[in-house]
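The structure appears right after this line, and notes come after that.
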Amino acid sequence: MTLDFSTPAHYLLALLPEIVLSVWGTVVLLAGVWKGGATSAPRAGSGNLAVLAMVGVLAAAFANGWLYGLTPGQGSTMIAVDRFHLFANWIFLLAAMLALAISPAYVRRQRLQEGEFHALVLFATVGMMLMGGTRDLIVIFLALEVMSISAYVLSGFNRRDPKSAESGLKYFLLGAFSTGFLLYGIALVYGATGSTNLGLIALAIGSGAAVAGLLHVGIALLAIGFAFKVSAIPFHMWTPDVYEGAPSPVTAFMSASVKAAAFIAFARVFLVGFGGIPESWYAIGWWLAALTMVIANVIALAQTNVKRLLAYSSIAHAGYLLVAIVALNQNATAGLLFYLLVYTAMNIGAFAVILCVSGHGEERLGLHRYAGLGARHPALAVCLTIFLLSLAGFPGTGGFMGKIFILQGAAEAGLWTLSVVFVLTTVVSYYYYLRIAWYMWMREAAESDEPDPVTVPLTMRFAMGAAVAVVIGLGVFPGGGVEFARAGAEGLLTAGALLLGAAP
Amino acid sequence: MTSLLQAVAFDSWILHVLVWGPMAAMLHVLLEDEERSGHIAFGWTLALFVVSLGLWWSFTVGDPGFQMASSVPWIEAWGVHYALGIDGISLFMVLLSCFTAPITILGSFRYITRRRKSFYALMLLLQTGIIGVFTAMDLMLFYVFFELTLVPMYFIVGVWGGKRRIYAAVKFFLYTAVGSLLMLVGILYLYAATAGAGDGSFAYLDILGASLSMREQLWLFAAFALAFSIKVPLFPFHTWLPDAHVEAPTPGSVVLAAILLKMGTYGFLRFLLPFFPAASQHPSVVTVMLVLGTAGIVYAAWVAAVQPDAKKLVAYTSVAHMGFVVIGIFALTLNGIQGGLVVMISHGISTGALFLILGMLYERRHTRLTGEFGGLARVAPMLALALVITALASIGLPGTSGFVGEFLALLGTFETHPVTAVIATSGVIFAAYYMLPMVQRVLFNELDREENRSMPDLSRREIFILSPMVALMIVIGVAPTPILERMEPSVEAILERVHTTPPAEEPADS
């Protein structure tokens, strides 16, 4: 079947996964109201809403898979039904699935409103999917807001906890600030090129019709806006505090998929829209990548709070991913997609273990709490070790293959200095990832801290198992994932080229 | 024997079995209970060793190329292959690794007392990585195995090691990782260089075909040489080694000394010389490598002479011995490289045995300070005999394996770099100067400590561990020809490549 966008129905079909998820989010919200408020005592059936939401994610995944069978025709300048969009959807759906699977126990413990919590996760995911699936700056902005507002609320969701409230407020203020940059950038680019459509922007730039000064300022502002969203240094200040204060399931979700969504949009805007004038943003990207990798990895060395440590680790990963954007070729873009997929699994997996260890009120976040974990809870410790090795990029894990993929792209682009910075900062990162491992396996727990009984609920086990499967699976047999990611990158880059040719 | 091996199609499965057998063993160990884990691991590695012996017969003498080679695409999109094969150089590394594995595991029965299951699982995982490194014929596959050896070793040192184990484990890990990650960038450069018109490839033979200019060769040589020099370890990159050796549990030290260090010099031979022939014989490069090798020989010998801790002493002797290998290789002569290879084998056996003996002493007295012993020859004659033979082999007494290797390496070096050879030869004398007093302090002198009077001699298990090692030291010392004739064609092929391949023209735009 060909989607030629001749009737409105085709638009609906093209957005089927998003629509399914939006409707389902509303259903979850209503179901939450029916079940009763958070003040009621926890009852036996709690957690069902998470499962209900997961069913929605599964339905959206089916819809996404079905879209692969369609041939996108010409006609839509707003919705991109390309492989890039569809691959990005897998990342967001995986993140949503894992985040929903690790949250029920926490939500129950903290007596949060189940319905709202899970519905917000779904709505944020819809925003992300739209961000990845549009060719129009205005729609990107709207989608970003849908995602961000859900994420602001989620990070402040545990409002009885001052840290969570602080996190929500901080995230909101800085997020709004950065959105301002983005919006102003969009306005200037519109002024310079006369369009908000990426294809037409590229066309205007290609034909030399764009107003150069305005355009460059606009690109710089857009770059800053995206740098805030992906938490690249020096626009990362909010990240450690927000990640530390937000409820752990939310941190897991945000650090994986909000970042992924920002990167997906970043890639589409810069590769398709501004791919024709890389010289105008190459230096910005280069320095953002280099600074982010170096500074984030060095600061992470000093962290003793595990959540904060992973926050800096996630900033460092933003640096690696920026290398892929700067490289500006198909391999690097495919690497970006592949890495984001693996990163989602390993990062949420790591947070899942942290959530299990951290105790009822999330008070056990110090590194020393991990001393002797290997002896007390070997299964958890093995899982965390796998996730850490993957984050560090060790062979046998998906993280390694992701890094190789990005490095290949960088090599193809001749970014040798950046590649060397990449690998040397990776060595630095070994130290802090291994530090958690050595606390777990090589130290004995101090007598005085009586360890909390750690419970690992069923959905949590499912999440960890799935994450381990993704991480190891892509680490040992990355072939399929690589092909898939390449198809995605090809979709992005040739779709851009097609538009250039087809646009009036 | 040969026909039997042919009948079972030995060539087609042996390398895969040797690589993945240990991993299967690991799963078996993990499924069984703690008590039996050591025996299971021993059984598997012994069986694998016995099977690996078939390589000796099925290996075609006189063929310089890769034998028993197989290749299937692993990650097709990137041109990565699961390709294994051995030549005359890797054959002995594989045999040495397979020989050391059961001995190490048997030697750990009394030393490792807690978390035994995890320990043996990690040892077996390490074994998979080791054999993989020595048989991989694809650079990405090699890199994966090369790094795979790091993680188990990190945990072996860090969990079962001595007091400063975490420091030693992390130092070991980070040092090695810096080198290998820079090598990874080099590997990707080579990959890009093979791409040319079509798809790139990581296959060893494809990369051999890539043409590189002198400048490219020198940079890549630096990236690869750093990784391997840290692993060897070549002076001045050796500082992680004494820490790692002293803190590691006995089996960890044995594998580290006997096998892991060899990965560095193996890398020199397998990758550096053939990939970058012009850089490898560049006068400055050769000078640097020879000077560092010689410096390591002399420096490590002096440092070893003043160590009160016997384990640290042996650790430094490793640096000295590996120095001989490096100068032998960079002399770029047949004798030099063959000598280097024999030193690698001999060092693997004799240093492994020394660490095992020190471990046995430690199990008895819980100290490794040589001053704490004395007169042990009277109470433990078998142990004394083993230690004396091993120490003599380590020094390089004629009639032992150490002599063959060091003599050939020095002879080969003398052919092209006489001054270096003369200075390095002093290392042999220093070796006697540090090793013999250690033996004297431990075995002879007065039996003046009460605790030493009741020290038990070697048990049957310990005799069973040490006797094959001692026997090999002497057999190789007396009759090295079967070994030399197997490695010679491959070594000659490398040398011919080094001497006859000119660098590609510099690209005009650079």
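The values are calculated or read from the model by the stated rules, or taken from the named source; none is laboratory data. Note that this is a predicted model, so its numbers are computed, not measured. When we count neighbours, we look across all protein chains shown, and the Cβ atoms used for this are built from the backbone with ideal geometry, even at glycine. Note: accessible area is taken over every heavy atom of the protein model, side chains too, but ligands, DNA and RNA are not part of it. Shrake-Rupley method; radii C 1.70, N 1.55, O 1.52, S 1.80 Å.
Across region A:178-203, what is the number of residues that are open to solvent by 50 Å² or more (accessible area, probe 1.4 Å), at pLDDT below 90 and assigned to a helix (DSSP H, G or I)?
Looking only at that region, the number is 2.
Given the structure, is A:GLY480 modelled with pLDDT under 90, closer than 30 Å to B:LEU174 by Cβ, within 10 Å of chain B (Cβ to nearest Cβ) and open to solvent by 30 Å² or more (accessible area, probe 1.4 Å)?
no
Scan region A:380-402 for residues that are within 12 Å of chain B (Cβ to nearest Cβ), assigned to a helix (DSSP H, G or I) and open to solvent by 10 Å² or more (accessible area, probe 1.4 Å) and jot them down.
A:VAL382, A:THR385, A:ILE386, A:LEU389
Hey, does region A:66-74 have a residue that's aliphatic (A, V, I, L, M) and surrounded by fewer than 24 Cβ atoms within 10 Å (Cβ to Cβ)?
Of all residues in region A:66-74, those aliphatic (A, V, I, L, M) come to A:67, A:70.
Among the residues that remain, those that are also surrounded by fewer than 24 Cβ atoms within 10 Å (Cβ to Cβ) are: A:67, A:70.
Yes, that holds for at least one residue.
Give the number of residues within region A:83-105 that are surrounded by fewer than 24 Cβ atoms within 10 Å (Cβ to Cβ) and touching a strand residue (DSSP E or B) at 6+ places or on another chain (Cβ under 9 Å).
Total meeting the criteria: 0.
Pairs needed: first member in region B:215-244, within 18 Å of B:GLN307 (Cβ to Cβ); second member anywhere, surrounded by fewer than 23 Cβ atoms within 10 Å (Cβ to Cβ) and of a type in the set (S, T, N, Q); C-beta distance under 9 Å; at least 6 residues apart or different chains.
B:PRO233/B:THR239; B:PRO242/B:GLN307
Return only the number of the condition from (1) within 11 Å of chain A (Cβ to nearest Cβ); (2) buried (at least 24 other Cβ atoms within 10 Å of the Cβ); (3) closer than 23 Å to B:LEU55 by Cα; (4) touching a residue at least 24 places away in the same chain (Cβ under 8 Å) that B:GLY129 does not satisfy.
All conditions pass for B:GLY129, except number (4).
Could you grab me the full set of residues in region A:425-448 that are open to solvent by 40 Å² or more (accessible area, probe 1.4 Å), more than 7 Å from every other protein chain (Cβ to nearest Cβ) and at pLDDT 90 or above?
Across region A:425-448, the qualifying residue is only A:VAL428.
Out of the residues in region A:364-379 meeting the condition of being among the hydrophobic types (A, V, I, L, M, F, W, C) and open to solvent by 30 Å² or more (accessible area, probe 1.4 Å), tell me which one is farthest from the other protein chains (Cβ to nearest Cβ).
The extreme case among them is A:ALA379.
So, restricting to helices (runs of 4 or more DSSP H) that lie completely within region B:149-217, which ones have at least 3 residues that are within 11 Å of another protein chain (Cβ to nearest Cβ) and more than 18 Å from B:GLY129 (Cα to Cα)?
B:150-160, B:165-195
Hey, A:ALA296 hits all of (1) in contact with a His (Cβ under 8 Å, 6 or more places away or on another chain); (2) small (Gly, Ala, Ser); (3) modelled with pLDDT under 90 but one; which does it fall short on?
In the conditions (1) in contact with a His (Cβ under 8 Å, 6 or more places away or on another chain); (2) small (Gly, Ala, Ser); (3) modelled with pLDDT under 90, A:ALA296 misses (3) alone.
Hey, can you tell me all the residues within region A:204-224 that are open to solvent by 60 Å² or more (accessible area, probe 1.4 Å) and touching a helix residue (DSSP H, G or I) at 6+ places or on another chain (Cβ under 6 Å)?
A:VAL211, A:LEU214, A:HIS216, A:VAL217
Residues that are surrounded by fewer than 24 Cβ atoms within 10 Å (Cβ to Cβ), among the aromatic types (Phe, Trp, Tyr) and in contact (Cβ under 8 Å) with a residue 12 or more places away in the chain: does region A:244-253 have at least one?
The answer is no; no qualifying residue exists.
Can you confirm whether A:THR417 is among the polar types (S, T, N, Q) and more than 10 Å from every other protein chain (Cβ to nearest Cβ)?
It is true that A:THR417 is among the polar types (S, T, N, Q) and more than 10 Å from every other protein chain (Cβ to nearest Cβ).
Determine whether region B:100-118 contains at least one residue that is without any contact (Cβ under 8 Å) to a residue 24 or more places away in the chain and away from chain A (no Cβ under 11 Å).
Yes, that holds for at least one residue.
Working only within region A:288-316, note down all residues that are touching a residue at least 60 places away in the same chain (Cβ under 8 Å) and within 23 Å of A:GLY275 (Cα to Cα).
Step one: filter region A:288-316 for residues touching a residue at least 60 places away in the same chain (Cβ under 8 Å), giving A:288-290, A:292-298, A:300-301, A:303-316.
Matches in region A:288-316: A:LEU288, A:ALA289, A:ALA290, A:THR292.
Can you name the condition, by its number, that B:HIS499 falls short on among (1) at negative phi; (2) part of a loop (DSSP other than H, G, I, E, B)?
Among (1) at negative phi; (2) part of a loop (DSSP other than H, G, I, E, B), the lone unmet condition for B:HIS499 is (2).
Taking the conditions exactly as written (within 19 Å of B:VAL133 (Cα to Cα), part of a helix (DSSP H, G or I) and either under 16 Å from the mean Cα position of the chain (by Cα) or in contact (Cβ under 8 Å) with a residue 12 or more places away in the chain (or both)), does B:LEU96 satisfy them or not?
yes
Restricting to region B:22-58, what's the tally of residues that are open to solvent by 10 Å² or more (accessible area, probe 1.4 Å) and either touching a Lys or Arg at 6+ places or on another chain (Cβ under 7 Å) or within 30 Å of B:THR113 (Cβ to Cβ) (or both)?
The total comes to 22.
Would you check which residues across region B:149-198 are within 23 Å of the chain's Cα centre (by Cα), within 25 Å of B:GLY267 (Cα to Cα) and touching a residue at least 60 places away in the same chain (Cβ under 8 Å) and list them?
B:THR149, B:MET153, B:ILE156, B:VAL157, B:ALA168, B:ALA169, B:LYS171, B:PHE172, B:TYR175, B:THR176
With respect to A:LEU391, determine if the residue is of a type outside the set (Ser, Thr, Tyr) and either without any contact (Cβ under 8 Å) to a residue 12 or more places away in the chain or farther than 20 Å from B:PHE155 by Cβ (or both).
So A:LEU391 fails the test.
For region A:302-325, what are the residues that are open to solvent by 10 Å² or more (accessible area, probe 1.4 Å) and either touching a Pro at 6+ places or on another chain (Cβ under 8 Å) or assigned to a helix (DSSP H, G or I) (or both)?
A:ARG308, A:TYR312
Take A:ALA467 and tell me if it is part of a helix (DSSP H, G or I) and either at pLDDT 90 or above or more than 9 Å from chain B (Cβ to nearest Cβ) (or both).
So A:ALA467 fits the description; yes.
Quick check, is B:MET123 in contact (Cβ under 8 Å) with a residue 24 or more places away in the chain and within 12 Å of chain A (Cβ to nearest Cβ)?
Spelling it out, it is not the case that B:MET123 is in contact (Cβ under 8 Å) with a residue 24 or more places away in the chain and within 12 Å of chain A (Cβ to nearest Cβ).
Among the residues of region B:132-144, count how many are among the hydroxyl-bearing types (Ser, Thr, Tyr) and within 12 Å of chain A (Cβ to nearest Cβ).
The qualifying residues number 1.
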